[in-house]
2 protein chains.
Amino acid sequence: MSEYDVVIVGAGIIGLSTAYYIKKKNPKDRVLVIDKLNAAGQANTAKSASAFRCLFSSQTNYILTDSSVEFYRHLNDDLSLDLGLLWIGYLWLLDEESYKESVSILKSLGRNISYRVYESDELAEKLHMRTIFKNDEEAELMGLKDVCKGVFIPKAGVIDADSLVNFYEESFLRLGGEIRYGVNVEKLLVEPYEPLGIPGEPYFWQDSRVAGVKTDKGVIKAKKTVLAAGVWISQLLDALGVECYIKPKKRQLFVINADTPDLKKLLASKGFNNVGCIPFTILPKPDVYIRPFPDQGVFWAGYADEFPRAFKLEENPQPEKNFYQYGIYQVLVKYFPQFKDRRPSSAFAGLYGINTLDGQPVIFEEKDLIVVGGASGSGVMKADSMGRIAAALYNGEEYAVLYGDKKFKVSDLGLKNRRVEREKLII
Amino acid sequence: MSEYDVVIVGAGIIGLSTAYYIKKKNPKDRVLVIDKLNAAGQANTAKSASAFRCLFSSQTNYILTDSSVEFYRHLNDDLSLDLGLLWIGYLWLLDEESYKESVSILKSLGRNISYRVYESDELAEKLHMRTIFKNDEEAELMGLKDVCKGVFIPKAGVIDADSLVNFYEESFLRLGGEIRYGVNVEKLLVEPYEPLGIPGEPYFWQDSRVAGVKTDKGVIKAKKTVLAAGVWISQLLDALGVECYIKPKKRQLFVINADTPDLKKLLASKGFNNVGCIPFTILPKPDVYIRPFPDQGVFWAGYADEFPRAFKLEENPQPEKNFYQYGIYQVLVKYFPQFKDRRPSSAFAGLYGINTLDGQPVIFEEKDLIVVGGASGSGVMKADSMGRIAAALYNGEEYAVLYGDKKFKVSDLGLKNRRVEREKLII
C-alpha cells in the first residue's frame, strides 16, 4: 500500500479549498481527499445559509472574509463562473443601545467600511414593517425592542455554496488531485516516528505522529493528514487527546414561501440593492434573521440560539417545529406582520462547528496532523482564505498570501501563538 | 417542594470544600450537596496520588497550593487532625537540558523557594540508581536521558485525601449542611427568569437560568447551582451549550510492594527528609514518577501520558497491564534496577479533569450556575483555596481570602477575565 503525501479528511468547502491550494502549490504531491458521503459539500456546507458579509469587528475575520469574497467576485465576474453571487447587502435592524454599539464598532474599525444608516420611519415605509411596539404588551413580555435605526452594508450578499464547492472540486481534480467518496474515517492512525516492532506501539516514551487514517475501506497512510471534517473534527481528535476547541451546535433554517401579495412585495423590496430585493436582514436582539431567495420566491428564516442549546454531535439533526412556531415566528411576525399565519413549507437543520475560544477558525499542525476548522458558521465566506492558510501551513510557510496579495500570518490562527480578537459582530 | 439556596453537585474534595466555605460564610442558607455515589470522595478524589508540592511556575498555581497546604498543615499540626501529612519532599531527577530550564524557572520565580541540588554521583550513591546510560543501546532507543542533577523541594509531600475529605464533610455537616448520597444528576434544570406558562419554555427570546437539577430521585430546585462534579462537569454543561474547557483523561497508578531488600532500602532512603524515606520522585522525561508509602511498604508508580491518550469519559476506567509492562516498567527499571522483574500487586485508574486552556482550575458563574473544576490532576492540593474562591464567587465578592490572609481575585480563574499563566512545571 503506497503512502500519500497528504490525505485530507472532509470534502466540504473547507476541505476542498484546502486540497485545491495544497495541490496547486505542490503539483507533484499525491493529494487524496476522502469523505464519508457520496459527493462534495453534502454535509454542513449544504446546510449553510450561504450568505456573506465583509463586516466584522475583528481584523482577522475581516481579512478572511474580504479576501475570500473578492476571490468569489473574481470567479463570478472575471471568469464568468456562475456562483449565484448576489450583492444584496446586509441590513441590521437595531434598537437604540445596539445602534450605539454598532456605530462605535464601525468607527473603531478604522477602515473604509461603506455603510448607510436608515431611520426608523424610513424602514417602516420601505419594508412595511413595525418598528415601534408602543402599548404592545406581548412584545414587551418577549423583551422585543423598537427598531431605532437600520444599518445597511452593501459589501455583503448571498452565494450558491454548491457552485463554489464544485469549483474547488473540479479545479482540484483538474490538477490531478484524487477524491474517494463513501469512505468513513474510523480513527486517526498513530505510529511512532521510529517503530521498534514492540507489540502495542507506540508507548509513551516513544515520539509518535499521525500517520494517516483507518477507514471502513482500509488504512490510508500519508506523510501529512489534514482534518477538515467540520463538526466531526473534535470526535477524531478527542480519541488522541488533542484539543481543538471546536464544538457542534445545531442551527435550523425554515423556508417560507412568498406566496401572498404582501410577502411578494417584501421579498422584492426596492432601493437597497440593484438586485431589487430585501437584503439579508437581521432583526433586533435576539437577532432572528431573514435570508431572501429572490429567484425562488422564498425566504429562509433562522436564529443561532446560544444558551441552553446543547453542544451535540448528530449525524442527522432535525429542525424543531416549536423552534419556528414559538420561537422565530413570534419574533418575526412582531416586526413583519406580513408573515402572519405563514407556516414554513420546509425546514432543515445543520451543525455549526463553533470554536469556543473566540469564534474564529483554527488552523494548526501537531504531530504531522493539520487541523482546519472551527469556522463557527461562516465557513463558506472564509473558505478561500482558510484553504490558502492551511496550504501555507502544509508548506511550512510563515505567511499565507490571500487573494488580493494580502499576507496573513499562519500562526495567528494556530493554538500556540494564536492572535485573534474576539468577534463582536456575531449573528 | 421547597427551594434550596444552593445545591452543590459532587461530594468530592472540591465539592465538599466549596460546600463547607459557602455554609460557613452563609450560616442561614440551605446548602445541599448531592453525589451519585454513596459516600464522600469516592470518585476521582479516591484515585489521586494525593501528593502535593508548593512549587509551580505560575503565580496562580503557587498561591492556590501554598495556601491550601498551609491550611492542611494547620489542621494536622495545630488542630491535631491526623491527615497523614508527610513532608517527604519532591525530587526531580533532571537531564542536562531540563535542569537548565528548571533552574531558570526557579530563578525567575522571585520567591523564597527553598530547594537543594544533588549531583549525579550523589544521587547514584544515595538511591543506588543508574544516572548514566553510556553504551546502553536500549536506553538510547527509548530516548532516555542521563540524570545530570536532582532538584529537591522540601515544601512538598503526601497527604491522605480521604481524611481531608472527611474533614470537609464533617465540618460542613456540623454547620448544618445537608448531604444526599446516591442521587444522580441527569441534567441541569433550565427555566426562564420570568416564566410565561408557554409549552416548551424557555424559548430563545426569554432570558433563562439554571434553576436546579433533575436527578434520578426527583427535581431539586435551588437559587444557585454549583457544579463541582469533576470530569462529569462538561457532560452536564455540553447539554446546555456552555463551554468550560474541562476534558477527562485517564491516569493510572501501579502499586509495587517493597518486598525485596533492595526495594526496602530504596523506600527507606535516608537523608532527604525527616520521615526517612525516598521523596516523591520524578524521573527525567517522559516523567515517570514514584510515590512512596513508607508506612505501607509500597511504591506507587505512575505516568501522566499526553498524546495519544484520549479525552474520554468513563464510569469505571481500568488500568492497562501493558501501560506498566511496556511503559512505566521499561523506564523505571533503567534508572532503578531495584525494580527488576517486580510486577504490580495491584493497580487502579482514575480520570483527570484537565482544563485544556492552561491547566489551571476554572471557577465561574453563568446563569445562576457556578462551575468549580478543571483542577487538572492537582485538586487535592488546591481544594481548600478552590472552595474558598468558589464561596467568594457565590457571595458576589471580588476577592477571596485564602488561608494565611492571602487575597485572591475571583475573576482570575473565571472565563471572561481569566488571568493565569500557563504552568511550565507539569508532571
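FYI, it's all coordinate maths here, none of it is from the lab. Being a predicted model, the structure only gives us computed values, none of them experimental. Positions of Cβ are generated from backbone atoms using ideal geometry, with glycine treated the same way; all protein chains shown enter the neighbour counts.
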Burial order of peptide ranges A:133-142, A:186-195, A:16-25 (average beta-carbon count within 10 Å, highest first): A:16-25, A:186-195, A:133-142
Exercise: per-residue mean of other protein chain Cβ atoms within 10 Å, B:322-332: 3
Cβ-defined net charge surrounding B:GLU397, 11 Å radius [Lys, Arg +1; Asp, Glu -1]: +3
Label point 7 Å beyond Cα along the C-beta direction, distances from A:LYS107 to other copies (nm, shortest first): 5.0
5 angstrom amide H check on B:LYS187, placed H, neighbours 5+ away: B:LYS214
In sequence order, calculated HN-Hα J values of the range B:79-89 (Karplus, 6.51, -1.76, 1.60; Hz; x Gly/Pro): 9, 6, 8, 7, 9, x, 6, 10, 8, 7, x
Selected from B:ASN273, B:ASN61, B:ASN316 as most flexible by GNM, with chain B as the system and alpha-carbon contacts under 10 Å: B:ASN316
Whole-angstrom gap from the range A:103-167 to the range B:1-76, using each part's C-alpha centre: 49 Å
Peptide A:197-203, shielding by other chains (average Cβ, 10 Å cutoff): 4
Separation in nanometres of the label points that stand 7 Å from Cα toward Cβ, at A:LYS214 and B:GLN318: 1.7 nm
Cβ-vector label at 7 Å, B:GLU398, separations to other copies in nm: 4.2
The range B:275-291-the range B:376-427 distance, computed between alpha-carbon centres (Å): 27 Å
Nearest-20 debye value, the range A:183-283 charge dipole, Cβ charges on Lys, Arg, Asp, Glu: 540 debye
Under the Karplus curve 6.51 cos²θ - 1.76 cosθ + 1.60, θ = phi - 60°, whole-Hz ³J(HN,Hα) for the range A:4-9, x wherever Gly or Pro sits: 7, 5, 8, 10, 10, 8
Amide H within-cut-off set for B:ILE179, under 5 Å, with H built and near neighbours excluded: B:VAL33
Rg/Rh ratio calculated on Cα atoms of the range B:361-427 (Kirkwood radius): 0.95
FRET efficiency, B:VAL117 to B:ARG180 (Cβ-Cβ, R0 41 Å, nearest 0.05): 0.20
The range B:1-149, relative contact order in percent, only Cα pairs under 8 angstrom and at least six apart counted: 17 percent
Dipole in debye (nearest 20) - the protein assembly as shown, about Cα centre, beta carbon charges: Lys, Arg +1; Asp, Glu -1: 280 debye
Rounded D (µm²/s) - the range A:212-357, Kirkwood Rh over Cα pairs, Stokes-Einstein at 10 °C, 1.306 mPa s: 89 µm²/s
Most positive-pole-ward Cα, A:LEU94, A:GLN235, A:ILE132, against dipole of the range A:91-245 from beta carbon charges: A:GLN235
Base-10 log of normalised Debye intensity for the range A:17-161 (one unit scatterer per alpha-carbon) at q = 0.16, 0.17, 0.21 Å⁻¹: -1.04, -1.11, -1.34
Cα-centred dipole magnitude for chain A, charges only on beta-carbon of K, R (+1) and D, E (-1), debye, nearest 20: 260 debye
Length-normalised contact order for chain A - Cα pairs under 8 Å, 6+ apart - percent: 24 percent
Span per principal axis, largest first, for the Cα atoms of the range B:301-351 (Å): 36, 24, 13
Per-q log10 I(q)/I(0), chain A, q = 0.06 Å⁻¹ (Debye; single scatterer per alpha-carbon; no solvent): -0.26
Long-range tail of P(r) for the range A:245-311 (Cα pairs > 21 Å, %): 35 percent
Cα gyration tensor shape of the range A:181-249, rounded if a/c is under 1.5, else prolate or oblate by comparing a/b with b/c: oblate
Packing-based exposure ordering (other Cβ within 10 Å, fewest first) of B:PHE56, A:PHE348: A:PHE348, B:PHE56
Compactness relative to 2.2 N^0.38 Å, alpha carbon Rg of the protein assembly as shown: 1.04
Principal axis dimensions, largest first and in whole angstrom, of the range A:214-258 by Cα: 52, 25, 17
Relative contact order of the range A:220-378, pairs being alpha-carbon contacts under 8 Å that are 6 or more residues apart, as %: 34 percent
Around A:GLY84: net Lys/Arg minus Asp/Glu count, Cβ-Cβ under 12 Å: -4
Entries in A:LYS187/A:LYS367; A:LYS250/B:LYS217; A:LYS155/A:LYS264; A:LYS36/A:LYS416 that, when Cα-Cα distance is taken, lie over 22 Å: A:LYS250/B:LYS217; A:LYS155/A:LYS264; A:LYS36/A:LYS416
